[in-house]
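Quick notes on the structure that follows.
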């Protein structure tokens, strides 16, 4: 999750200013919101403490301020655990346990590595990447997550190639590797 959602998670204190500036620049160039700059901590705050709050600059500033407080109150591992258990993974699936059962019909500890990596990627767009409805998009996103892990040097090239070649087995079937 860190490799694909917040590469500098262990380096920042709730706000990744490099990412914020990069998102502002990309959005200015695109003349629209094309990138977000939220950290995992900010997403946790938005999904728990600010759920239902109006969107916009005020919410973003509140999320940034609360993220700093969360970072002071909890360890990075505690923040990740809270995030995994609060984030929306798709239809009826808040938290990793519900997502695991929804997509794969089993608890998280029974998942294979491909399924685990899929869950790290589906958070970005559960409607877009649901393997039951959008198998090829789910595979592309899974491959993006694998590449992010490779870039973060948390997977070897051989392991990344093996995972990219493995099918994604889900509750309604399988998504084959992209050719």
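The values are calculated or read from the model by the stated rules, or taken from the named source; none is laboratory data. Everything numeric here is computed off the predicted structure, so don't read it as measured data. Neighbour counts are summed over all protein chains in view; Cβ atoms, including those assigned to glycine, are modelled from backbone coordinates with ideal geometry.
Quick notes on this structure:
- Exclusive hit being surrounded by 16 or more Cβ atoms within 10 Å (Cβ to Cβ), without any contact (Cβ under 8 Å) to a residue 60 or more places away in the chain and assigned by TED's automatic domain parsing to the domain that holds residue 10, set 66, 142, 150: 66
- Restricting 93, 136, 126 to residues that are over 21 Å from residue 50 (Cα atoms) and either crowded, with 20+ Cβ neighbours inside 10 Å or touching a residue at least 12 places away in the same chain (Cβ under 8 Å) (or both) narrows the list to 136.
- Residue 45 meets all of the listed conditions (1) modelled with pLDDT under 90; (2) crowded, with 16+ Cβ neighbours inside 10 Å; (3) under 18 Å from the mean Cα position of the chain (by Cα) but one, namely (1).
- Residues (touching a helix residue (DSSP H, G or I) at 6+ places or on another chain (Cβ under 7 Å) and surrounded by fewer than 17 Cβ atoms within 10 Å (Cβ to Cβ)) located in the range 96-107: 97, 106, 107
- Test: residue in the range 63-74 that is within 18 Å of residue 148 (Cα to Cα) and either touching a strand residue (DSSP E or B) at 6+ places or on another chain (Cβ under 6 Å) or at pLDDT below 95 (or both): no
- Residue 169 being surrounded by fewer than 20 Cβ atoms within 10 Å (Cβ to Cβ), farther than 22 Å from residue 16 by Cα, in contact with a strand residue (DSSP E or B) (Cβ under 9 Å, 6 or more places away or on another chain) and not assigned by TED's automatic domain parsing to the domain that holds residue 40: yes
- Test for residue 142: is it part of a helix (DSSP H, G or I) and within 27 Å of residue 51 (Cα to Cα): no
- Qualifying positions in the range 109-121 - in contact with a helix residue (DSSP H, G or I) (Cβ under 7 Å, 6 or more places away or on another chain), under 15 Å from residue 169 (Cβ atoms) and either in contact (Cβ under 8 Å) with a residue 60 or more places away in the chain or outside any loop (DSSP other than H, G, I, E, B) (or both): 113, 114, 115, 117, 118, 119
- When 51, 32, 8, 19 are screened for being at pLDDT 85 or above and either outside the structural domain of residue 155 (by TED's automatic domain parsing) or surrounded by fewer than 19 Cβ atoms within 10 Å (Cβ to Cβ) (or both), only 8 passes.
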